Amino acid sequence: MGSTLFTDAMELTPAGDGVYDGELNEHWTIGPKVHGGAMLALCANAARTEHGDGAQPIAVSANYLWAPDPGPMQLVTTLRKRGRRVSLVDVELNQGERTAVRASVTLGEPEHHVPPLLSHNPVVPLMTPEPPAGLEPIGPGHPMADIVHLAHGCDIRPALDTHGPRSDGGPPVIEMWVRPKDASPDVLFALLCGDVPAPVTFAVNRRGWAPTVQLTAYLRGLPADGWLRVICTTVQIGQDWFDEDHIVVDCEGRIIVQTRQLAMVPTQ
């Protein structure tokens, strides 16, 4: 069994010419499939490493072409622009002869501890900085333990009463608290959290595999040391396609990551 630590799962080895070797870690999976947020974070890490100079992945737009298996992979980077404030790096995540993810990563300096001119943060009124007492982490005996293998490397505490159909017939608002084990949350972990909740299709009793087709993440700030609060919502769940939005807020109440994705509705 390999390491369960998030920092180890993000480790890359330079292979020259903008190529990095890495591993799709078996612990960072949903069921048998590698977690989409983990692959997005790996692409962001490769772009950040290739660019250097302390720039951060302020926007990552990833297209998922197929679902790779845990195991060795390569990240191929192409520097498209190196600017004074904004740079762009394209990344391909390859396994064998196939490309699993193609991402465009915009690099720059996120706003950090700077008051916004305007902000509408729906998370703070709904969720406390720490999970409520008695909210169980995903682990042995938890109903999500057999699927959410990410819980080997991070503490995930979902509010299960927000996952199913609402009694008032309203749209789902999934809530959970997340933090890595044995480490402070960093930029890459915050990006992963923009894809960590169960699919909103749970609200219409569709609980199978919901493959992500496209995922875009914005890094708005650097996370403080503590729990990350995640809210997941949707606008429409169609017969074939659904959208999913996430807002990730740190323990200080600052918006750290926003994501939007298009995914496929499970058949059952």
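The values are calculated or read from the model by the stated rules, or taken from the named source; none is laboratory data. Given the structure is predicted, the values throughout are model-derived calculations rather than measurements. Methodologically, a virtual Cβ is constructed for each residue, glycine included, from the backbone with ideal geometry; neighbour enumeration extends over all protein chains shown. These area figures cover heavy atoms from the full protein model, side chains too; ligands, DNA and RNA do not enter into them. Shrake-Rupley method; radii C 1.70, N 1.55, O 1.52, S 1.80 Å.
Within region 240-265, residues that are under 20 Å from ALA41 (Cα atoms) and modelled with pLDDT under 95 have Cβ atoms under 8 Å from residues that are outside any strand (DSSP E or B) and among the aromatic types (Phe, Trp, Tyr) in no pair, counting only partners at least 6 apart in sequence or on another chain.
A single entry from ARG206, ARG220, ARG229 fulfils the requirement of being over 27 Å from PRO132 (Cβ atoms) and of a type in the set (Lys, Arg): ARG206. When the residues of region 153-162 are filtered to those that are surrounded by 22 or more Cβ atoms within 10 Å (Cβ to Cβ) and more than 14 Å from GLY134 (Cα to Cα), the one that is modelled with the lowest pLDDT is GLY153. So in region 109-118, with the set limited to residues that are open to solvent by 100 Å² or more (accessible area, probe 1.4 Å) and in contact (Cβ under 8 Å) with a residue 60 or more places away in the chain, which one is farthest from PRO70 (Cα to Cα)? The qualifying residue farthest from PRO70 (Cα to Cα) is HIS113.
Residues checked against (1) touching a helix residue (DSSP H, G or I) at 6+ places or on another chain (Cβ under 6 Å); (2) open to solvent by 10 Å² or more (accessible area, probe 1.4 Å):
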position	(1), (2)
GLU175	yes, yes
LYS181	no, yes
LEU192	yes, no
VAL200	no, no
ASN205	no, yes
ALA217	yes, no
PRO223	yes, yes
ARG229	no, no
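Quick one: would you say VAL34 is open to solvent by 20 Å² or more (accessible area, probe 1.4 Å) and among the hydrophobic types (A, V, I, L, M, F, W, C)? It is false that VAL34 is open to solvent by 20 Å² or more (accessible area, probe 1.4 Å) and among the hydrophobic types (A, V, I, L, M, F, W, C). In a residue-by-residue description of region 119-137, the property of being open to solvent by 10 Å² or more (accessible area, probe 1.4 Å), within 27 Å of PRO211 (Cβ to Cβ) and free of Cβ contacts under 8 Å to residues at least 40 places away in the same chain applies to at least one position. Checking each residue in region 1-31 for being open to solvent by 10 Å² or more (accessible area, probe 1.4 Å) and of a type in the set (Val, Ile, Thr) picks out THR4, THR7, THR13, VAL19, ILE30. How many of the residues in region 50-108 are open to solvent by 10 Å² or more (accessible area, probe 1.4 Å), part of a loop (DSSP other than H, G, I, E, B) and closer than 15 Å to VAL34 by Cβ? The number of residues fulfilling the criteria is 6. Of the candidates THR13, THR4, the single residue that is farther than 22 Å from ILE256 by Cα and touching a Phe, Trp or Tyr at 6+ places or on another chain (Cβ under 7 Å) is THR13. When VAL200, VAL204 are screened for being among the β-branched types (Val, Ile, Thr), under 23 Å from VAL101 (Cβ atoms) and free of Cβ contacts under 8 Å to residues at least 60 places away in the same chain, only VAL200 passes.
Collect the residues in region 231-268 that are assigned to a loop (DSSP other than H, G, I, E, B) and either open to solvent by less than 50 Å² (accessible area, probe 1.4 Å) or in contact with a helix residue (DSSP H, G or I) (Cβ under 9 Å, 6 or more places away or on another chain) (or both), keeping them in residue-number order.
First pass over region 231-268, keeping only residues assigned to a loop (DSSP other than H, G, I, E, B): 234-236, 238-240, 250-254, 265-268.
Answer for region 231-268, where residues must be assigned to a loop (DSSP other than H, G, I, E, B) and either open to solvent by less than 50 Å² (accessible area, probe 1.4 Å) or in contact with a helix residue (DSSP H, G or I) (Cβ under 9 Å, 6 or more places away or on another chain) (or both): THR234, GLY238, ASP250, CYS251, GLY253, ARG254, VAL265, PRO266.
Could you please find all residues in region 150-198 being part of a strand (DSSP E or B) and not aromatic (Phe, Trp, Tyr)? Step through it out loud before you land on a result.
So in region 150-198, the residues part of a strand (DSSP E or B) come out as 154-158, 173-180.
Within region 150-198, CYS154, ASP155, ILE156, ARG157, PRO158, VAL173, ILE174, GLU175, MET176, VAL178, ARG179, PRO180 meet the criteria.
Sub-7 Å Cβ pairs linking a first residue in region 36-57 that is touching a residue at least 60 places away in the same chain (Cβ under 8 Å) to a second residue that is among the β-branched types (Val, Ile, Thr) and open to solvent by 20 Å² or more (accessible area, probe 1.4 Å), at least 6 apart or interchain, are GLY36/THR212, ordered by first then second residue.
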